[in-house]
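The values are calculated or read from the model by the stated rules, or taken from the named source; none is laboratory data. Note that this is a predicted model, so its numbers are computed, not measured. With ideal geometry, Cβ positions are generated from the backbone for all residues, glycine too; neighbour counts draw on all protein chains shown. For the accessible areas, the whole protein counts, side chains as well, though only heavy atoms, and no ligand, DNA or RNA atoms are used. Shrake-Rupley method; radii C 1.70, N 1.55, O 1.52, S 1.80 Å.
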Amino acid sequence: MYSLNTDGPHNLLRVDVLGFWDMETLDRFKADLPKAFAALPGGPGSHLVLINALETRPQSQEVTAGLFAFLKGFEDKARRLAFVTNSAVLALQARRLFDRPGFLIAETVAEAEAFLLDAA
């Protein structure tokens with residue numbers, strides 16, 4: 001599962017990734033993420049994104065490939081992005097997808113929030 005929460009005053013999208021996804025979950029996420037971005041003020045390239053993956057584990061190859069292909073299309077929407085995980089595998093996967101200026105892999109949500117909001 002997942003949850004998407006917007007913080008309009010900070011132009012921040014919080015994505016909590018939970019558990020083990022199947023393709024139906026991925027399809028729902030692909031439908032919901034654009035709506036969450038649309039609910040934020042500002043245009044592409046102005047958003048802050050916090051992905052909290054502390055409550056998940058590495059996904060199947062099929063889900064991972066589909067998720068990363070989909071997220072690659074949203075990379076230009078985020079000015080800064082923080083990915084929170086305590087999994088070396090998830091950190092490696094995230095680094096391959098998002099490694100660019102304005103990207104941080106954090107071990108705590110507080111660290112991620114500080115990175116995003118201190119630069120806002």
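The table below lists the values:
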read-out	value
Simple label model, 7 Å out from Cα along Cβ direction - ARG95 to MET1, nm	3.2
For the chain, calculated [θ]222 nm from helices alone, where every DSSP H run of n ≥ 4 adds -39500 (n - 2.57)	-12500 deg cm²/dmol
Accessible-area composition of the chain, carbon plus sulfur, in percent [1.4 Å probe]	56
Two-site FRET efficiency, GLN61 against LYS35, from Cβ-Cβ distance with R₀ of 22 Å, rounded to 0.05	0.20
Cα-based reach from LYS72 at 17 Å (exclusive), listing aspartates and glutamates while leaving out same-chain residues under 8 positions away	ASP27, ASP32, GLU62, ASP99
Point-charge dipole on Cβ atoms (K/R +1, D/E -1) for the chain, about Cα centre, debye to 20	320
Distance between segment 1-71 and segment 85-106 - C-alpha centres, whole angstrom	15
Mean accessible surface per residue for the chain, computed with a 1.4 Å probe while every protein chain stays in place, in Å²	51
Among LEU97, VAL15, LEU50 - extreme Cα towards positive end, dipole of the chain, charges at beta-carbon	LEU97
For segment 1-119: rounded, prolate or oblate by the Cα gyration tensor [a/c cutoff 1.5]	oblate
